[in-house]
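Below you'll find the structure, written out as structure tokens, and then a few comments.
The values are calculated or read from the model by the stated rules, or taken from the named source; none is laboratory data. What you see is a predicted model, and the numbers here were worked out from it, not measured in a lab. Quick reminder, even Gly has a Cβ in these numbers, built from the backbone with ideal geometry, and neighbours come from all protein chains shown. For accessibility, only protein heavy atoms count, side chains too; no ligands or nucleic acids. Shrake-Rupley method; radii C 1.70, N 1.55, O 1.52, S 1.80 Å.
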Amino acid sequence: MSADSTAQSTPPPVVQVRDMDFSYGASKALFDINLKVEYHRVTALIGPSGCGKSTLLRCINRMNDRVPSARVTKGEVLVKGKNIHDADVDLTQLRKQVGMVFQKSNPFPKSIYENVAYGLRIHGEKNKSVLDEAVERSLSHAALWEELKDRLHANALALSGGQQQRLCIARAIATVPDVLLMDEPCSALDPISTLKIEELMHQLAKEFTVVIVTHNMQQAVRVSDYTAFLHLGKLVEFAPTEELFTNPREKLTESYLRGTFS
Amino acid sequence: MTPVPTNDNPFAGDNSGIQQRETAARWALRIGSYIVVIITLAIMLHIFIKGAPVVFRSQWPFVNTQFLTELPATLHVIEDQQGNHIETDVNGADAIKKKLGDNFRAEKTISYSGGGILGPIVGTALLVVVSVGVALFLGVACAIYLSEYAKHGKFLEMVRLAILNLAGVPSVVFGLFGLGAFVLTAPTFVDVPADRSVFSIPLGFTTLSFEGWDTCVLSGGFTLAFVILPVIITASEQCLQAVPQGFRETSMALGATRWQTIRYSVLPFATPGILTSSILGIARAAGETAPIMFTAALAFKDKLPWQKDLPPLPADASIFAHWEQSVARFFGIFTESVQALPYHIYTLAAKIPQNEYAERAQYGSVFVFLVLVASLAASSVMLRKRLRAKYRW
């Protein structure tokens, strides 16, 4: 997949949000969002608390479906060119190809191996050698293989907080998704674990497309290629990260970045 | 301004009685708790003192095996001229009377107080197995649906309220419900529908007739299942809710269906609690008398459920015929009526004239019953501990 799309001069965006409105029941959470996520780039969503960045992220794998009365009221979300709200979209297939890592590291209280193999198992993979291979590959991608290869059958909850979060990343990439959504993955971690995950993100972008929600602007600068700034449910500015941080077009972006927010 | 030091106590009480009220409250609460503990211990001790001598023996094998392995029987007590009492059963009575000859003075018979209580123990065990099986299946299914599938709203609240109310229904009402529903109208396959059949559906090779299951283990077990169902549903739902939402989100985000999520990342972690609640349900089911009075239990039965009377086979009967009879006897564990411990205790205590012999049988039964229930409760605590250690999050 990557060879073809990167070879073209302008590869089509893997995720495209078009004129999307989103509401929780009667209260509107997102207004007229337009967003393009390019293959093998890290796109950061920043903005103050409650601006809708997590909601926007969860629109991409339809995790909002779990909330009753939450729905897209206008526009569309395309992933790999397909409208994900079409009737013939199988949610399990969508979520297999759009993985997600949550704010709170939440490994299952099972072995490390079973955690990573979970996604493959539920998609029907029974072949032991395929599972073994996927576990090794995913843990290596998450920079955990060297640390954990001798205790794959230990309980995942025995790991440190940073290791747990990297295990969650390994679990999410085991199904080889095209897009990896990360919802403030470092907000519960210490600075050293945070640094490890940020380093990881550059590696991950080589294989996957990463969309990350963060409330830490330095983190967005460090890890992302593109940044979207959201405020009160509106996408204020979307630009290459360097451009957005050094030379914001919008006054609102500038005052948020400077911390002089009204 | 520096305060001038004085010899007065700056923290002296103000004699408003606040300390006295504190002491009074503490003692009132303490006495209340002591009363509860003392009464509980008194009951236990009383049953132990009266019941243990019936069940235990001072010589090998230290346990009254007859009491635990024989069916209840009528006790015959024969008194001779010297005032000695000889206890025997119906078969031994004549022999002893003949041996005593002129020395014989009187004979007393006490119903149900001889022999043992194997029948009631077996009956209670069967009822508990059936009721817990049914209640776990229905209860866990219902709890999973309510907790994981049902949409929040008015309807769900109403269902929850209904389940809570079910827990408050008097058990004799469940007994009557069981009589009407399972004993008299439940569907069964028969060749010829009985006259009392509510309605029947001919299926060609057999007939599905709503004529009830009669008084039997199955009827009693289903009735008991409905008694303990609210406990199991409520407890199971709480256990499911206690599993972190993050497990569900993660599993769904990996592309699992709802059922896969429940099967692999919710149920395994809720099982310890569900099992604990089910064992407490066992204790409840074993102890109920009213629901089984009309549906399963007899005051007396001289056969175990698998010793059903069947016409003797001719000498040249085929193996198949023997096999068929064995199967019919085996299914007696569901289709026969039984004795049950709580009902047996009630019979001994209220239905026969009281004397030392009847009392002995009563306390023995109560003691055995209490030990069974206590060991169930203890095993539930141990099971929970072990599973908690395994599935911790």
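Observations, loosely collected:
- Within the range A:54-92, the set of residues being charged (D, E, K, R) and closer than 24 Å to B:ALA150 by Cβ comprises A:ARG58, A:ARG62, A:ASP65, A:ARG66, A:ARG71, A:ASP90.
- Filter pass, B:ALA297 being more than 22 Å from B:THR223 (Cβ to Cβ), under 27 Å from the mean Cα position of the chain (by Cα) and not assigned by TED's automatic domain parsing to the domain that holds B:ASP89: no
- Test: residue in the range B:185-207 that is under 14 Å from B:PRO291 (Cβ atoms) and in the same structural domain as B:VAL128 (by TED's automatic domain parsing): no
- So B:ARG284, is it of a type in the set (D, E, K, R), in a helix (DSSP H, G or I) and more than 23 Å from the chain's Cα centre (by Cα): no
- When the residues of the range B:215-228 are filtered to those that are open to solvent by less than 20 Å² (accessible area, probe 1.4 Å) and at pLDDT below 90, the one that is farthest from the chain's Cα centre (by Cα) is B:CYS216.
- Residues that are open to solvent by 50 Å² or more (accessible area, probe 1.4 Å) and at the interface with another protein chain (Cβ under 9 Å from one of its Cβ atoms) within the range A:111-136 comprise A:ARG121, A:HIS123, listed in sequence order.
- The range A:184-205 residues that are touching a residue at least 60 places away in the same chain (Cβ under 8 Å), paired with ones that are polar (S, T, N, Q) and open to solvent by 70 Å² or more (accessible area, probe 1.4 Å) (beta carbon under 8 Å, 6 or more apart): A:GLU184/A:GLN103; A:PRO185/A:GLN103; A:SER187/A:GLN103; A:ALA188/A:GLN103
- Picking from residues in the range B:335-393 that are within 14 Å of chain A (Cβ to nearest Cβ) and among the aromatic types (Phe, Trp, Tyr), the one that is surrounded by the fewest Cβ atoms within 10 Å (Cβ to Cβ) is B:TRP393.
- Of all the residues in the range B:300-312, those that are under 22 Å from the mean Cα position of the chain (by Cα), open to solvent by 50 Å² or more (accessible area, probe 1.4 Å) and not acidic (Asp, Glu) number 3.
- Selection within the range A:157-196 - within 14 Å of another protein chain (Cβ to nearest Cβ), hydrophobic (A, V, I, L, M, F, W, C) and either over 17 Å from the mean Cα position of the chain (by Cα) or assigned to a helix (DSSP H, G or I) (or both): A:LEU157, A:ALA158, A:LEU159, A:LEU167, A:CYS168, A:ILE169, A:ALA170, A:ALA172, A:ILE173
- Qualifying residue in the range B:233-248 (condition: surrounded by 20 or more Cβ atoms within 10 Å (Cβ to Cβ) and touching a strand residue (DSSP E or B) at 6+ places or on another chain (Cβ under 9 Å)): no
- In the range A:51-85, residue farthest from A:GLY25 (Cα to Cα) [restricted to those that are free of Cβ contacts under 8 Å to residues at least 24 places away in the same chain and away from chain B (no Cβ under 14 Å)]: A:LYS82
- Number of positions in the range A:1-23 that are hydroxyl-bearing (Ser, Thr, Tyr) and at pLDDT 90 or above: 1
- Yes/no for B:ARG248 being within 14 Å of another protein chain (Cβ to nearest Cβ) and not in a strand (DSSP E or B): yes
- From A:LEU180, A:LEU152, residue being surrounded by 21 or more Cβ atoms within 10 Å (Cβ to Cβ) and in contact with a strand residue (DSSP E or B) (Cβ under 8 Å, 6 or more places away or on another chain): A:LEU180
- Complete set of residues in the range B:251-263 that are facing chain A (nearest Cβ under 8 Å), surrounded by 18 or more Cβ atoms within 10 Å (Cβ to Cβ) and either in a helix (DSSP H, G or I) or among the β-branched types (Val, Ile, Thr) (or both): B:SER251, B:MET252, B:ALA253, B:GLN260
- Matching residues in the range B:318-334 - criterion: being open to solvent by 60 Å² or more (accessible area, probe 1.4 Å) and hydrophobic (A, V, I, L, M, F, W, C): B:ILE319, B:PHE320, B:TRP323, B:PHE330, B:PHE331, B:PHE334
- Residue check, B:PHE269 crowded, with 20+ Cβ neighbours inside 10 Å, touching a residue at least 12 places away in the same chain (Cβ under 8 Å) and not in a loop (DSSP other than H, G, I, E, B): yes
- Put simply, of B:VAL173, B:VAL169, B:VAL198 the only residue that is away from chain A (no Cβ under 14 Å), under 21 Å from the mean Cα position of the chain (by Cα), surrounded by fewer than 19 Cβ atoms within 10 Å (Cβ to Cβ) and not in a helix (DSSP H, G or I) is B:VAL169.
- B:LEU29 vs. criteria surrounded by 10 or more Cβ atoms within 10 Å (Cβ to Cβ) and closer than 29 Å to B:SER365 by Cα: no
- Screening B:ALA315 with (1) at pLDDT below 80; (2) among the aliphatic types (A, V, I, L, M); (3) open to solvent by less than 70 Å² (accessible area, probe 1.4 Å) gives one miss only, at (3).
- Out of B:ILE117, B:ILE121, B:ILE144, sole residue that is over 18 Å from the mean Cα position of the chain (by Cα), of a type outside the set (Gly, Ala, Ser) and surrounded by 12 or more Cβ atoms within 10 Å (Cβ to Cβ): B:ILE144
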